[in-house]
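Note sheet for the following structure.
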């Protein structure tokens, strides 16, 4: 599609991480992209009623980080500047389960 004017309209349902990344990719192929979500999206970071897992610990593994960097160059540095912390999952992360 290099050099081809973008036209058309894409609609993405859901403003979670998958929806946001999908919308990002679609902006390269469509003239207009609309993102719809059941929640009213805040202008600042905060809890959303439709995202009960939002308060859980989240980790971005290296494969996911590489994929994000491909779609959004510089995202790793931006995340670190915003307070994200890099860890070695094998050395720095302790996981406890009912199995031990």
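Just so you know, all these numbers are worked out from the coordinates, no wet-lab data involved. Computed from a predicted model, the values in this text were never measured in an experiment. Here the Cβ is made from the backbone with ideal geometry for all residues, glycine too, and neighbour counts use every protein chain on show.
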In nm, to one decimal, how far is the modelled label at residue 91 from the one at residue 61, with both set 7 Å along Cα→Cβ? 2.0 nm
Theoretical FRET efficiency, 1/(1+(r/R0)^6), r = Cβ-Cβ of residue 53 and residue 7, R0 22 Å, to 0.05: 0.05
Can you sort 88, 39 so the residue with the fewest Cβ neighbours within 10 Å comes first? 88, 39
If you stretched the chain out fully between residue 44 and residue 29, how much longer would it get, using 0.36 nm times the residue separation minus the C-alpha to C-alpha distance? 2.6 nm
Label model pair residue 36, residue 75: point-to-point distance (7 angstrom along the Cα→beta-carbon line) in nm is 2.4 nm
Neighbouring Cβ atoms within 10 Å as the yardstick, rank 29, 56, 9 fewest first. 56, 9, 29
Based on the mean of other beta carbon atoms within 10 Å per residue, what is the order of 11-18, 70-77, most packed first? 11-18, 70-77
